[in-house]
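Undergrad: To start, I am sharing the structure in question, which I have written as structure tokens.
The values are calculated or read from the model by the stated rules, or taken from the named source; none is laboratory data. In this text, all values refer to a predicted model and were calculated from it rather than measured experimentally. Reconstructed Cβ throughout: ideal geometry from the backbone, glycine too, with neighbour counts over all protein chains shown. Surface areas here come from the heavy atoms of the whole protein model, side chains and all, with no ligands, DNA or RNA. Shrake-Rupley method; radii C 1.70, N 1.55, O 1.52, S 1.80 Å.
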Amino acid sequence: MSTGVIPTRLAALWRERRSSGPPVAHTFRGAYADRWVRFHTLPGSKRHPESEDEYGIVLERYNTVLDELFSGLDVFVVTMDWSYTPDGPATFPTPREDLHPDGLRWWTEVDEEEPDPRFHTHTRLYADRRRWRHGCADGLLRAVADEAVVEVFITDTELRRIHHPYDGGADVVLTTPAERDEMRARHTEWLSAHPAGL
């Protein structure tokens, strides 16, 4: 299903192409605000699906945008866990490993804000490379919708466009403000009524 990721090359590519900050998905909205748009995955900005019909809507909205971004391209699918030690077990076990078995660790972001080193956190990112096709990440996306995994993102192999699904929607980073505006105009019914687009 997936092909190889060379962790050092991917990390170097991120530093070169995305110097605004680390590959931590919840930060993308701030780092790329001029090229960012948020789409909600259920009508009425409902957060969590409660029926198979609603899961169908969520997955269709995720995949519609992902197809527009990545159809015919290879992508990196990125997942995350974190620990209080660099190589220890995940602090909060999730189905990440089962849903992303080919993910190779390529980045560790260390947060040492806490004065006590026992509470320094190590956010560890894993990636696989695959050809994008509609539905190829549905198991992972469904888990995202349930908030069973967080901080997932999908990007082309040049890191030009980013899709960060979360429970309730997706943050999308485009190449330019104009491209962002074009995508937003195609899916106005999925936008938030919030003035900041949240």
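Undergrad: Are any residues in segment 42-77 assigned to a strand (DSSP E or B) and either touching a helix residue (DSSP H, G or I) at 6+ places or on another chain (Cβ under 9 Å) or open to solvent by less than 20 Å² (accessible area, probe 1.4 Å) (or both), and if so, which ones?
TA: If the condition is that a residue be assigned to a strand (DSSP E or B) and either touching a helix residue (DSSP H, G or I) at 6+ places or on another chain (Cβ under 9 Å) or open to solvent by less than 20 Å² (accessible area, probe 1.4 Å) (or both), then VAL75, PHE76, VAL77 are the ones that fit.
Residue by residue, here is whether (1) touching a helix residue (DSSP H, G or I) at 6+ places or on another chain (Cβ under 9 Å); (2) part of a loop (DSSP other than H, G, I, E, B) holds:
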| site | (1), (2) |
| --- | --- |
| GLU147 | no, yes |
| GLU151 | yes, yes |
| ILE154 | yes, no |
| GLU158 | yes, yes |
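Undergrad: All but one of (1) on the phi < 0 side of the Ramachandran plot; (2) touching a residue at least 60 places away in the same chain (Cβ under 8 Å) hold for ASP116, so report the exception by its number.
TA: (2)
Undergrad: Taking only segment 19-42 into account, find how many residues are more than 18 Å from ARG105 (Cα to Cα) and either in contact (Cβ under 8 Å) with a residue 40 or more places away in the chain or among the aliphatic types (A, V, I, L, M) (or both).
TA: Summing the residues that are more than 18 Å from ARG105 (Cα to Cα) and either in contact (Cβ under 8 Å) with a residue 40 or more places away in the chain or among the aliphatic types (A, V, I, L, M) (or both) in segment 19-42 gives 15.
Undergrad: Among the residues of segment 83-96, are any hydrophobic (A, V, I, L, M, F, W, C), free of Cβ contacts under 8 Å to residues at least 12 places away in the same chain and either open to solvent by 40 Å² or more (accessible area, probe 1.4 Å) or in contact with a helix residue (DSSP H, G or I) (Cβ under 6 Å, 6 or more places away or on another chain) (or both)?
TA: Yes, segment 83-96 has at least one match.
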